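For reference, the structure discussed in these notes is given below.
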Amino acid sequence: MSKITEENLSNEDTIAANKLSSREYKYGFYTDIETDSIPAGLNEDIIKMISEKKKEPSWMLEWRLKAYRHWTTLKEPKWPNFKYGPIDYQALSYYSAPKNFEEGPKSMDEVDPELIKTFDRLGIPLSEQKRLTGVAVDAVFDSVSVGTTHQSELEKVGIIFCSMTEAIQNHPELVKKYMGSVVPYSDNYFAALNSAVFSDGSFCYIPKGVRSPLELSTYFRINASGSGQFERTLIVAEESSFVSYLEGCTAPTRDENQLHAAVVEIVTLDNAEVKYSTVQNWYAGNEQGVGGIYNFVTKRGKCAGKNSKISWTQVEAGSAITWKYPSVILQGDGSTGEFYSVALTNNRMEADTGTKMIHIGKNTSSTIISKGISADESNNTYRGLVKIMPSAENARNYSQCDSMLVGNKCSANTFPYIEVNNSSATMEHEASTSKINADQMFYIMSRGLDMEGAISLIINGFCKEVFKELPMEFSVEAVKLLEMKLEGSVG
Amino acid sequence: MIEIKNIHAKVAGGDTEILKGINLTINPGEVHAIMGPNGSGKSTLSKIIAGHPEYEVTEGEILYESNFKKTNILDLEPEERAREGIFLAFQYPVEIPGVNTSVFLRAAFNEICKHQGAEEMDTLDFDEYIRSKMKLLEMDEKFITRPVNEDFSGGEKKRNEILQMAVLNPRFAVLDETDSGLDIDSMRIVSDGVNKLKAKGNAQLVITHYQRLLNYIVPDFVHILIDGKIVKSEGKELALAVEEKGYDWLIK
């Protein structure tokens, strides 16, 4: 079944993009705090320095060095559907932390009040009195985790939720077993770079039979200039466990481009389920395309156990460049992979994002729902792979890729790759392209809604299959974020 | 209720004048019909009343009276006009993919309530309310859970316009060629719906090509629009004369 519709693509009556300067990025502030950074440059000494700062065991350093040596043999991928300036890897500082942070965070009371204030301003209160109920937060500031809330509450049910630095020190057996098991350091250029220089991130372990009583989350904040952020997240869900994980990120408004190269790995054992939701709002550059984060991220989950499930939901609304394909390896029989995505680009943003679903086990199924919205002069690409291996009897996939254009100067592309090596597979693919046009806006407004209300209605309608997968508070935030980004692009 | 005074209009940015001095006064409780050949400016007039940005009014005003106050609605945004109780049933209703009809109508309804100082309706109450209106129009219940006008037949789209009118309960409604694309049964149902919505304090302006619709929606006044001007205004019998003789005899 395949349905391709093109509506009004040549519709000339679309009102030209009429930009408002009021589209401000409200997280663009900078926290003036004393930092401890290592010199710019990338070589084995730098990696040793990072490892030393983190007081790592030697096996970790060895792994980093192997990754680094492999990275030096690789070339930056050139296949993505976007252009960006050259990245000078020797000009970056690979470690930047608030001063005196080498001991790592202890209790929230000891965290620098400036940092607490920063996260307050970002809407992520960390202090005992004000912290969010129902959500445990690991707050990452530049290269380090500055604190993790609700840890003792989680410990009671046996959940480990801490920074990656702590995990390497306190739970080496788990880290050794799972780190790199889904995304090996040799996986790709940016994963290799991350494996060599990663500075922190979150670690999360859900023991057998436990449903996490809280949502777990990580908030990533880039603050320092001249640096990048290279964090790693690892989530392990033992048999019959469940966790819903949220991720958010922002950065200051700057004219320089900053590199963010992260790795996220998820492992689910028999009957376990992990739901991973992201609202990505890195600084995206200004209207002329100056500044913004280069976001090169490798996210992958492995359904190792039978009947396990991994579900990625992402709202990608930031970054000058986005290169990101949250994927699922469906190894366990009967396992399920899901990818729900809204990617919005405006101004001069460029996104090349999608997913990979690799079916290995029998009776595995995957669902892909991708919604791309491009406005202004941006460029938005969906790139996805569904691969059915010979062993995957009765695999099923449903893919739906919809694009929406706002204005006449943007572009949307869809590259769906399908490889089927077992004839028992059932594959469905649908795609559509539509355009917000002046007639639609007028129709809605003539019923009493103002322009904002009309945009919100159209966006909500277009993205609803994805929004309904987000946790409630996240979904409200996501809608607001998209509305704000599109204000002034329509009509 | 509404006084259209010496309206001249053209396509925004264009040169050709489409409306060349329209005058029309409509009082509460009245139904007016505008008839005219293709290209005479009928649809332009309806779009100007609703505030379509594609057209530019170069001269004249449209005074709308509510709460004993007259406003020139040309100064208002389309949504402000809607909130004041002005409604346009579109000749070509627009599709809004993915947006549930009921969600759309509740959002619009509540905007109007908010503006008029009435209490907004929650989902449950609104559901009951919209269903009562659908019964009036003999519409299938599944209708409201479908995306607005998406994959609707021509007749369904027109019925959806009348449903919106029933739900939003305007004081002044303009029906732009609501009969086009309707078979005889749909025409009867749509007209019945429109007639039921008629009230002492409301007024309707029906724009049509054919006299046929006016057998069902009986106007108090009929105006003939030719080349951007109203050339003749009389009672309902004028429509029959046009049906019989065409428009030529009206062109001097």
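The values are calculated or read from the model by the stated rules, or taken from the named source; none is laboratory data. Keep in mind that what you see is a predicted model, and the values were worked out from it rather than measured. No Cβ is skipped: glycine too gets one built from the backbone with ideal geometry, and neighbour counts run over all protein chains shown. We work out accessible area using only protein heavy atoms, side chains counted, and drop any ligands, DNA or RNA first. Shrake-Rupley method; radii C 1.70, N 1.55, O 1.52, S 1.80 Å.
The residue pairs whose first member lies in the stretch A:268-279 and is within 11 Å of A:Lys208 (Cα to Cα), whose second member is open to solvent by 40 Å² or more (accessible area, probe 1.4 Å) and polar (S, T, N, Q), and whose beta carbons are closer than 6 Å, counting only pairs six or more residues apart or on different chains, are A:Asn271/A:Ser240; A:Asn271/A:Asn307.
Rundown of residues vs (1) under 30 Å from B:His52 (Cβ atoms); (2) among the aliphatic types (A, V, I, L, M), yes/no style:
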site	(1), (2)
A:Gly372	yes, no
A:Asp376	yes, no
A:Ile388	no, yes
A:Gln400	no, no
A:Val406	yes, yes
A:Gly448	yes, no
A:Ser456	yes, no
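The set of residues in the stretch B:173-202 being within 13 Å of chain A (Cβ to nearest Cβ) and not acidic (Asp, Glu) consists of B:Ala173, B:Val174.
Across the stretch A:432-444, the qualifying residues are those that are open to solvent by 20 Å² or more (accessible area, probe 1.4 Å) and of a type outside the set (Asp, Glu), and the one among them that is farthest from the other protein chains (Cβ to nearest Cβ) is A:Thr433. Do we find that B:Glu161 is in contact with a Pro (Cβ under 6 Å, 6 or more places away or on another chain), buried (at least 18 other Cβ atoms within 10 Å of the Cβ) and in contact (Cβ under 8 Å) with a residue 12 or more places away in the chain in this structure? When the stated conditions are applied, B:Glu161 passes them. Only residues that are touching a strand residue (DSSP E or B) at 6+ places or on another chain (Cβ under 7 Å) and of a type in the set (Ser, Thr, Tyr) were counted across the stretch B:125-159, and they come to 1. Of the candidates B:Ile96, B:Ile62, B:Ile18, the single residue that is among the β-branched types (Val, Ile, Thr), within 14 Å of chain A (Cβ to nearest Cβ) and either open to solvent by less than 60 Å² (accessible area, probe 1.4 Å) or touching a Lys or Arg at 6+ places or on another chain (Cβ under 9 Å) (or both) is B:Ile96.
Test A:Ala251 against the criterion of being surrounded by 24 or more Cβ atoms within 10 Å (Cβ to Cβ), among the small types (Gly, Ala, Ser) and more than 25 Å from A:Tyr185 (Cα to Cα), and give yes or no. Yes, satisfied. Applying a threshold of 7 Å to beta carbon distances and a minimum spacing of six or more residues, or different chains, the list of pairs starting in the stretch A:45-56 at a residue that is on the phi > 0 side of the Ramachandran plot and ending at one that is in a helix (DSSP H, G or I) and surrounded by fewer than 18 Cβ atoms within 10 Å (Cβ to Cβ) reads A:Lys55/A:Gln169. Filtering A:Arg254, A:Arg232 for residues that are basic (Lys, Arg), touching a residue at least 12 places away in the same chain (Cβ under 8 Å) and assigned to a loop (DSSP other than H, G, I, E, B) leaves a single hit, A:Arg254. Given A:Gly301, A:Gly318, A:Gly291, which one is at pLDDT 95 or above and open to solvent by less than 10 Å² (accessible area, probe 1.4 Å)? None of the other options fit; the residue is A:Gly301. Among the candidates B:His115, B:His52, the residue that is within 8 Å of chain A (Cβ to nearest Cβ) and open to solvent by 50 Å² or more (accessible area, probe 1.4 Å) is uniquely B:His115. Is there a residue in the stretch B:125-137 that is open to solvent by 10 Å² or more (accessible area, probe 1.4 Å) and either on the phi > 0 side of the Ramachandran plot or within 14 Å of chain A (Cβ to nearest Cβ) (or both)? So far as the stretch B:125-137 goes, no, none of its residues is open to solvent by 10 Å² or more (accessible area, probe 1.4 Å) and either on the phi > 0 side of the Ramachandran plot or within 14 Å of chain A (Cβ to nearest Cβ) (or both). Residues of the stretch B:170-181 that are over 11 Å from the mean Cα position of the chain (by Cα) and either among the hydroxyl-bearing types (Ser, Thr, Tyr) or buried (at least 21 other Cβ atoms within 10 Å of the Cβ) (or both): B:Asp179, B:Ser180.
Which numbered condition trips up B:Val194, out of (1) at pLDDT below 90; (2) β-branched (Val, Ile, Thr); (3) open to solvent by 10 Å² or more (accessible area, probe 1.4 Å)? The one condition B:Val194 does not meet is (3). Taking B:Val148, is it open to solvent by 60 Å² or more (accessible area, probe 1.4 Å), of a type outside the set (Asp, Glu) and at the interface with chain A (Cβ under 9 Å from one of its Cβ atoms)? No, not satisfied.
Counting the residues of the stretch A:456-480 that are more than 21 Å from B:Asn160 (Cα to Cα), open to solvent by less than 30 Å² (accessible area, probe 1.4 Å), within 12 Å of chain B (Cβ to nearest Cβ) and touching a Gly at 6+ places or on another chain (Cβ under 9 Å) gives 1.
B:Glu61 meets the stated requirement of being more than 23 Å from B:Thr178 (Cα to Cα), at pLDDT 95 or above and not small (Gly, Ala, Ser).
Under the condition of being of a type outside the set (S, T, N, Q), more than 30 Å from A:Asn346 (Cα to Cα) and exposed (fewer than 15 other Cβ atoms within 10 Å of the Cβ), the residues counted in the stretch A:385-426 number 2.
A single entry from A:Ser391, A:Ser424, A:Ser434 fulfils the requirement of being at pLDDT below 95 and among the hydroxyl-bearing types (Ser, Thr, Tyr): A:Ser434. Within the stretch B:193-212, work out how many residues are part of a helix (DSSP H, G or I) and in contact (Cβ under 8 Å) with a residue 40 or more places away in the chain. Of the residues in that region, 3 qualify.
Scanning the stretch A:129-185 for residues that are in a helix (DSSP H, G or I) and in contact with a strand residue (DSSP E or B) (Cβ under 8 Å, 6 or more places away or on another chain) gives A:Gln151, A:Glu153, A:Leu154, A:Met164, A:Thr165, A:Glu166, A:Ala167, A:Asn170, A:Leu174, A:Val175, A:Tyr178. Scanning the stretch A:43-94 for residues that are open to solvent by less than 40 Å² (accessible area, probe 1.4 Å), under 30 Å from A:Ser411 (Cβ atoms) and charged (D, E, K, R) yields one hit, A:Glu76. Taken over the stretch A:337-368, the residue count meeting the criterion of being in a strand (DSSP E or B), open to solvent by 10 Å² or more (accessible area, probe 1.4 Å) and farther than 20 Å from A:Trp79 by Cα is 5.
Among the candidates A:Lys130, A:Lys75, A:Lys99, A:Lys66, the residue that is over 26 Å from A:Lys48 (Cα atoms) and out of contact with any Cys (no Cβ under 9 Å at 6 or more places or on another chain) is uniquely A:Lys130. Residues in the stretch B:1-39 that are over 30 Å from B:Ala199 (Cβ atoms) and among the acidic types (Asp, Glu): B:Asp15, B:Glu17.
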